[in-house]
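The values are calculated or read from the model by the stated rules, or taken from the named source; none is laboratory data. Because the structure is a prediction, the values reported are computed rather than measured. Every residue, glycine among them, receives a Cβ derived from its backbone with ideal geometry; neighbour counts consider all protein chains shown. The area values use the complete protein model at the heavy-atom level, side chains included, leaving out ligands, DNA and RNA. Shrake-Rupley method; radii C 1.70, N 1.55, O 1.52, S 1.80 Å.
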Amino acid sequence: MAENSQPDTEKKGRSSDTLLLILALLAIAGMGAWFFLGTDEQMIEEVPVATPIDDLDDPVTAVIAVEEPTNELLNRARLAANAGMLVEPAGTNALYYYSLYLEEQGADSDAEAELQRILDRIGSDVEQAIDAGNFERAGFLVDQIRNAGLTHESVTNYQQQVAAFADTLRSRAIAAAEAGNEAQIETLLTQYESLPGVNSTALLALRSDVRDALDAQRLAAAAAAAEAQRRRQQQQAAARQRAANQQAAAARSQTATPATAAAAPAENPAVVAVRAALNEGDLIGAATLFASVPSDNAERGTLQVALDTQLARGVSRLASAGQTAEAEAMLDSWRSVAGDASTESALSADIDAAYIRAATADIVSAATLRRVETLAPVYPRAAIRRGLTGRLRLEYTVDVDGTTSDIEVVDSTQSGIFDRSAIRAVSGWRYEPREVRGQAVAQRVYAFLDYNLE
C-alpha cells in the first residue's frame, strides 16, 4: 500500500501545476487584452486635434479647419494656425511648421492651400500695419515670409507702398520748405529717414532739395518784403507831397487874406495831410503820416482815435473777405498808431481765422494726414455668404484732437451692404490733426475703403 500511494500523490501534484499554469495564462491573456484596449483609448485621447473652424466662437480668427493629421509637423502647423500663431513665436509658428513640412513632404495640395491662406492672412496684417503708418511692423511680417523662403503678393505690394509713401513724404517735405514751415520739414525728414530701404544717398538728395526750396522761399519772402517796403515808401512820399501841397496852399491862402490868417492860425501840415488821407480812404498812408504829427498837437488825440477805429475795422473787413496779406499790412499800420493788447489779439485772431478758412476750404485726401490709430473693418457675414465685394468713398472730419466725426458714405459699388461696417471702422481711426499757423484745425477729408474676399 505504501508503495502505491506515492505515484497517486505525484499525479495529483502534476494536475495542480497544470491548473495553475492554465490560470496564469488566462490571467496574462486578460491583462494583455485590457492593456491593448486601454492603450488604443489613450492614444486616441492623447493625439491633439485642432478645433474645426465651424466650432470656433470667432471663425474669422481661425485659419485652418483640420482633421486628425498623420504627420506631426503638419499637426503642429495646423494647431499653431488655429491658435493665431502665424509668425510668432520664432521657431514655433504656423509659417515655420508649414514650410518645414512641405520641404520634407514635397507636394501636398491640402497643406499648400492651407499655407496660402496663412500667407493671405499675414498679407492682410501687412496692409493694416501700412495703413496705420507702422512700416516697422509691416517690414517684420514681410521679412518672415522671405525668411521662410516663400513669396506672396503682399511682399511686392509692401515694397511699392513703401516707395509710394517715400514719394509722398518727399513731396510734402519740399512743399513745407516752399511754405517756409521748417518745423514740419524736420518731422517729415525724420519719418522719411525711418522708412525701410531709405539709404543715406536718398536722404542726402532729399535734404538738398529741401534746402534749395527753403532758399528759394526765403528769397521770395525777401523780395516780397522789399516790394512791400517800396510801396510803403511810395505811400509815405505821396503823403509827404500831399502835406507839402496842402501847406503851400495854406500859405497862399494866408497871403491872399492876411486878415483871416491873423484871426485863424494855420493848421499843422501833418495834421492836414492825415485828414486828407483819411478822406481819400488811404488808411495806411494816413497811419504813416500820423508819425509826423507833433506829440503836443491838440488834434493828435482825435486823429489817433479815428485811425485806431478805422484801421481796426479795415483789418476785420479785409480778413472777412479773405484778403489776408492786405489785412496783415493794415494790422502793421494799426500797431504804429495804437497799442491796445486785447484789440491786437482779436485782430490777429481774425486774420488767423481767415487763413484757416482758406486752407481748409477744400475736402482733401485723408492720405495727406498721418493716421496714428486704425480699426480694421469687419467684413459683413451676409456679404461673405453672398460672395460680395465692394469699394466705398467716405467723407469725414478729422477734428482738432485727431478723432473722426460726421462720417458719410458718399459713393459705394454695393449700396448699403458695407456702409455700417465702414462707418464703424472709420469712427475708430485717429490722426495727427492738421496745423495752420501753429493751430490744430478741423479738416474735411475723403478716403476709399475696399472690401475683398481674396
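Beyond 13 Å, what share of the Cα-Cα pairs of region 159-227 is found? Please give it as a whole percent.
Result for the distance tail: 63 percent.
Please compute the net charge surrounding Asp143, taking Lys and Arg as +1 and Asp and Glu as -1 over other residues with Cβ under 15 Å from its Cβ. Kindly include the intermediate steps, with their values, before the conclusion.
Details: positive: Arg137, Arg146; negative: Glu88, Asp125, Glu136.
That sum, taken over residues with Cβ under 15 Å, equals -1.
With a/c under 1.5 counting as rounded, go ahead and sort region 331-371 into rounded, prolate or oblate using the C-alpha gyration tensor (a ≥ b ≥ c being the square roots of the eigenvalues; past the cut-off, prolate if a/b is larger than b/c, else oblate). Could you put the intermediate results ahead of the total?
Working: a/c = 4.53, a/b = 3.46, b/c = 1.31.
Note, shape of region 331-371 comes out prolate.
When only the Cβ of Lys, Arg, Asp and Glu is charged (+1, +1, -1, -1), the dipole of region 309-454 relative to its Cα centre reaches about 700 debye.
Probe radius 1.4 Å, ligands and nucleic acids ignored: give me the carbon and sulfur share of the accessible area of region 80-232 as a rounded percent. Show your work: numbers first, answer last.
On the way: 4050 of 8180 Å².
Percent of accessible area from carbon and sulfur atoms in region 80-232: 50.
With contacts defined as alpha carbon pairs under 8 Å and 6 or more residues apart, what's the relative contact order of region 302-407 in percent? Could the numbers behind the result be given before it?
Numbers: 60 pairs, mean separation 20.3, N = 106.
After rounding, I find 19 percent.
Taking 7 Å steps out from each Cα toward its Cβ at Glu193 and Ala228 produces label points 3.3 nm apart.
Among residues other than Ile130 whose Cβ falls under 12 Å from its Cβ, what is the net charge (Lys/Arg +1, Asp/Glu -1)?
Details: positive: Arg137, Arg371; negative: Asp125, Glu127, Asp131, Glu136.
Around Ile130, the surrounding residues sum to -2.
With r as the distance between the Cβ atoms of Arg218 and Asp120 and R0 = 41 Å, compute the FRET efficiency 1/(1 + (r/R0)^6) and round to 0.05. Please list the in-between numbers first.
Working: r = 51 Å, r/R0 = 1.24.
Computed FRET efficiency for Asp120 and Arg218 comes out at 0.20.
For region 333-357 and region 413-454, compute the distance between their C-alpha centroids and round to whole Å. Comparing the Cα centres of region 333-357 and region 413-454, I get a distance of 35 Å. A Förster distance of 60 Å, applied to the separation of the beta-carbon atoms of Asp167 and Gln241, puts the FRET efficiency at 0.60.
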